[in-house]
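Enquirer: Below you will find the structure I want to go over with you.
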Amino acid sequence: MARSIVAGLAVLAGAASIATPAIAAAPPDRSAKVVYGIAWADGPRTLRITPLRAEPVRLPGRTVFRLHRLDGARELRFRYTGADYRRVTARCDLKENEGVAFLDRNGLGRTRCKDRHLAFMLDQGPVPVRITVGRGRLLVQEFLAAGTERRLEYGTLTRLNDNTVWFRTPGRTYKLGYSPHLGFSRVTRRCGDRWLANQVNASPAGLGTKPCTRVHFNRALPTGKPVRVRIDYNPLWRSLDHVWEIARR
């Protein structure tokens with residue numbers, strides 16, 4: 001499996017975007033290129049993904065995949081209109097698998113779905129998938145991902161768009177997408193205040209203590225201006241889970 005992943009990366013890593021309409025009942029293609037990773041919405045019928053190494057772990061009744069960083073792997077974009085999408089759920093319109101995973105012998109989703117179902121899932125947040133490209137066919141298969149490390153870290157955030165930020169610390173820069181339940185702790189009097197306005201809700205360490213939402217975060221975050229924060233994030237999934245505003249000293 002690892003060999004097929006590396007082979008796929010060798011061809012795909014240099015591509016900024018790949019468009020491959022699906023072809024029903026396409027025959028097996030030994031030259032198909034494979035990428036594992038965490039998919040994020042990136043516009044209409046488009047996703048972005050940074051390739052990862054996937055290690056299958058057999059558990060009673062199911063397979064999960066441990067994901068590992070691939071040095072030098074570049075973010076890829078796929079237009080998935082017409083893609084063959086396979087889910088780990090019993091039905092295509094479910095948000096969760098409800099405790100029962102529908103997997104093939106390789107531990108990949110086997111419920112046949114449409115590209116509109118993939119768009120629906122990406123709207124909810126990041127999705128662990130294997131993407132296979134070959135003979136004009138795009139196959140996107142969900143899988144069950146093992147738990148990964150999360151970090152609490154200080155740095156600066158800069159808005160990229162309404163769903164993505166750059167997070168910078170000395171020597172590292174991450175492109176982070178918002179988790180579905182992004183939390184925001186403010187130092188301000190009201191959740192709707194401008195960044196660092198009316199600072200009355202700070203801990204002794206200067207961290208925001210007023211609980212607010214993703215909507216308030218998007219409204220408060222300045223455009224094009226780095227701001228100091230502490231965040232809770234998943235560096236492998238590139239997922240931003242919580243942001244603390246830091247009081248000006």
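Enquirer: Highest GNM mean-square fluctuation, the chain, Cα pairs closer than 10 Å: which of Ala73, Ala101, Ala119?
Expert: Looking only at Ala73, Ala101, Ala119, the biggest GNM fluctuation is shown by Ala73.
Enquirer: Before anything else, pin down the relative contact order of region 70-128: Cα pairs under 8 Å, at least 6 apart, normalised by residue count, whole percent.
Expert: In percent, rounded to a whole number, it is 34.
Enquirer: In nm, to one decimal, how far is the modelled label at Arg69 from the one at His181, with both set 7 Å along Cα→Cβ?
Expert: In this crude label model, Arg69 to His181 measures out at 2.7 nm.
Enquirer: Next question, about the same structure. Sort by residue number and report every cysteine in the chain with no other cysteine beta carbon within a distance under 4.7 Å.
Expert: If one checks each Cβ against the other cysteines of the chain, every cysteine finds a neighbour under 4.7 Å.
Enquirer: Sum up the lysine pairs in the chain that clear both bars: alpha-carbon distance under 23 Å and a spacing of 8 or more or different chains. Spell out each step's value before the answer.
Expert: Numbers: Lys33/Lys114; Lys95/Lys114; Lys175/Lys225; Lys210/Lys225.
Pairs that pass both the separation and distance tests number 4.
Enquirer: How many nm separate the modelled label positions at Lys95 and Val57, each set 7 Å beyond the Cα in the direction of the Cβ?
Expert: 2.6 nm
Enquirer: What is the Cα centroid distance between region 38-70 and region 162-201, reported in whole angstrom?
Expert: Spelled out, the Cα-based centre of one part sits 26 Å from the other.
Enquirer: Got the relative contact order for the chain handy, in percent, Cα pairs under 8 Å and 6 or more residues apart?
Expert: Values: 590 pairs, mean separation 42.1, N = 249.
Reported as a whole number, the value is 17 percent.
Enquirer: For the chain, take the longest principal axis of its alpha carbons; what is the angle in degrees between that and the long axis of helix 2-12, to the nearest 10 within 0 to 90?
Expert: 70 degrees
Enquirer: Can you give the extra length, in nm with one decimal, that the chain gains between Gln199 and Arg151 once fully stretched, where that is 0.36 nm per residue apart less the Cα-Cα distance?
Expert: Stretched out fully, the Gln199 to Arg151 stretch lengthens by 14.7 nm.
Enquirer: Counting only Cα, what are the radius of gyration and maximum Cα-Cα distance Dmax of region 33-142, in Å?
Expert: 13.3, 38
Enquirer: Just want to confirm a number: the relative contact order over region 117-249, from Cα pairs under 8 angstrom separated by 6+ residues, in percent. Working shown, then result.
Expert: Numbers: 272 pairs, mean separation 35.7, N = 133.
Relative contact order here is 27 percent.
Enquirer: How far is helix 115-124 tilted off the main Cα axis of the chain, in degrees rounded to 10, range 0 to 90?
Expert: Rounded to the nearest ten degrees, it is 30.
Enquirer: Note the listed values (i) 35; (ii) 21; (iii) 48, then indicate which one is percent of Cα pairs over 29 Å apart calculated from this particular structure.
Expert: Of the listed options (i) 35; (ii) 21; (iii) 48, (i) comes from this structure.
Enquirer: Probe radius 1.4 Å, ligands and nucleic acids ignored: give me the carbon and sulfur share of the accessible area of the chain as a rounded percent.
Expert: Its accessible area is 50 percent carbon and sulfur atoms.
The values are calculated or read from the model by the stated rules, or taken from the named source; none is laboratory data. All figures in this text were calculated on a predicted structure; none of them were measured in a lab. Cβ: placed from backbone, ideal geometry, glycine included. Neighbour counts: every protein chain shown. Heavy atoms of the whole protein, side chains included, go into the accessibility calculation; ligands, DNA and RNA do not. Shrake-Rupley method; radii C 1.70, N 1.55, O 1.52, S 1.80 Å.
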